[in-house]
Amino acid sequence: MSEHSPQHTALLEEFKRHLSTRRYGSAVIARYLAVAGHFLHFLEREHTPIAAAQPPHVAMYLQRALRRFHRRHRRAPSTVRGWRNSHTAGIHEFLRMLAGQWPAIPCACTPAEIFAQRLCGEYTQWLAQERGLAATTIDDLAAEARRFLVWYAGRTTAENLLLLQVADIDAYLQERAESLRRISRKGVCGRLRCFLRFVHRTGWTVRDFAPCVVAPILYAYASIPSALSPEEIAAVLQTTRNDRSPKGLRDYAILRLLSTYGLRAGEITHLQLDDINWRADRFCVRHTKTGFQSVFPLMPGVGDALLEYLRHGRPSTDVREVFIRTRAPYRGFDCGSTLYTPIRRRLEAADVHPKGKRGPHTFRHARAVSLLRADVLPKTIGDVLGHRSAASLHAYLKLNIEELRAVALEIPVAEVPS
């Protein structure tokens, strides 16, 4: 690091300690430090402070690094995507250490950007203080508002929303909805309606445009939920059980929790080490939707899978979540949706291809069906699955095919005269 300026040397030393604390391997640390040093040289030549680095700077650096690779080796990288990832992984972690997040929120320069940043700040504060919403919900609502304001700033030069028209809202929704499913479009409309209601109440618009946002209609119980059969669940568990790698041990423990208790994916990712009482053979689950807590008995098969993962598969880390990513930085999963890909891969490895969705919820639906077929009371099923209302069980009734056949009506067929 002697070729760097004292300021850059100090930053790289801090980055090295940052990577070591997060238990990165020595080869990865060396690679990340080298890439971060090259990126610092690039910013210095561009007369750009490291605090002002934005995604376009990273893209420009990659272009120049790729041209340098061509000149040095007289060929392209074997895989451009892999080469690019080998650079961006270190740069992004370096910038994440300095800025706290990446991509960093861009600095507001134009009057329209300053207005949008100010309005989003007020909106976030209003959602927290007036609505009392959870932090994750506030993030989703604020992200949609920020996206709309950026889009509107590119459409007009106005520094406020006084010239906002219904046509602008329609154009935004039309552009947003092109690649979204019906249920996602409904979510966009709901988030935008909340923001428009806020700007009207706070005087940023003269008219309340919230009623002008028409969301698509979603019919209750219009589709049949995806569910796995007992044979398919057994095949997935057996295939995953044969994988003795740390990732295999982790995924097997997750699958045992899913298939045995029908937990939500978010309830599994939020499971803490302190939630498991090994002496009493029970564990506590925080239901992500209702906010309630339930205590479940720790079944022997599930307990054995968890112990094997904790002893032989879980990385050594101070993180309190039970399930940890298998690559540094060792941390828990961000949310329940991040389990979709590993579960889908386990299903594919077992040659199990259910109709519809192929994520963690298919195990939850299968557990609901097994309880229904065992004549368990609806109240008990709701308690096991963490439902607040018994009406939430209606979706699972369509999966109980055998019981539905017993009450099916015969449809008379008219005879056609010969």
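The values are calculated or read from the model by the stated rules, or taken from the named source; none is laboratory data. Since the model is a prediction, treat every value here as computed from it, not as a measurement. Glycine gets a Cβ as well: all are built from the backbone with ideal geometry, and neighbour counts include every protein chain shown.
Screening the range 361-404 for residues that are under 27 Å from T239 (Cα atoms) and charged (D, E, K, R) and picking the one that is modelled with the lowest pLDDT gives R373. Somewhere in the range 13-25, is a residue more than 31 Å from the chain's Cα centre (by Cα) and not small (G, A, S)? Yes, the range 13-25 contains a residue that is more than 31 Å from the chain's Cα centre (by Cα) and not small (G, A, S).
Filtered by the rule that a residue be aliphatic (A, V, I, L, M) and in contact (Cβ under 8 Å) with a residue 12 or more places away in the chain, the range 165-194 gives V166, I169, A171, L173, I183, V188, L192. Only residues that are outside any helix (DSSP H, G or I) and among the charged types (D, E, K, R) were counted in the range 349-383, giving 5. For the range 195-209, a tally of residues being without any contact (Cβ under 8 Å) to a residue 60 or more places away in the chain and crowded, with 20+ Cβ neighbours inside 10 Å returns 2. Criterion first (loosely packed, with under 13 Cβ neighbours inside 10 Å, among the aliphatic types (A, V, I, L, M) and not assigned by TED's automatic domain parsing to the domain that holds N160) does A76 satisfy it? Against the criterion (loosely packed, with under 13 Cβ neighbours inside 10 Å, among the aliphatic types (A, V, I, L, M) and not assigned by TED's automatic domain parsing to the domain that holds N160), A76 qualifies. Quick check on R358: is it closer than 16 Å to R250 by Cα and either modelled with pLDDT under 90 or of a type outside the set (F, W, Y) (or both)? The answer is no for R358. One residue stands out in the range 118-155 among those that are of a type in the set (S, T, N, Q) and modelled with pLDDT of 85 or more: the one that is farthest from Q54 (Cα to Cα), namely Q129.
Residues being hydrophobic (A, V, I, L, M, F, W, C) and within 28 Å of R23 (Cβ to Cβ): count how many of those fall in the range 289-320.
Step one: list which residues in the range 289-320 are hydrophobic (A, V, I, L, M, F, W, C), which gives 292, 295-296, 298-299, 302, 305-307, 310, 319.
Then keep just the ones that are within 28 Å of R23 (Cβ to Cβ); that gives 302, 305-307, 310, 319.
Of the residues in that region, 6 qualify.
Per this entry, A34 is not counted among residues that are at pLDDT 90 or above, within 26 Å of the chain's Cα centre (by Cα) and outside the structural domain of T326 (by TED's automatic domain parsing).
Looking across the range 48-88, the residues that are hydrophobic (A, V, I, L, M, F, W, C) and either touching a residue at least 24 places away in the same chain (Cβ under 8 Å) or in contact with a His (Cβ under 6 Å, 6 or more places away or on another chain) (or both) come down to I50, A51, A52, A53, V58, L62, A65. When H57, H47 are checked against the criterion of being at pLDDT 90 or above, buried (at least 17 other Cβ atoms within 10 Å of the Cβ) and of a type outside the set (S, T, Y), H57 stands alone in meeting it.
Summed over the range 6-35, the residues that are over 13 Å from L95 (Cα atoms), surrounded by 15 or more Cβ atoms within 10 Å (Cβ to Cβ) and hydrophobic (A, V, I, L, M, F, W, C) give a count of 2.
A Cβ distance below 7 Å, combined with a sequence gap of six or more or placement on separate chains, defines the contacts here; from the range 127-145, residues that are farther than 16 Å from L196 by Cβ reach residues that are of a type in the set (G, A, S) in the pairs I138/A128.
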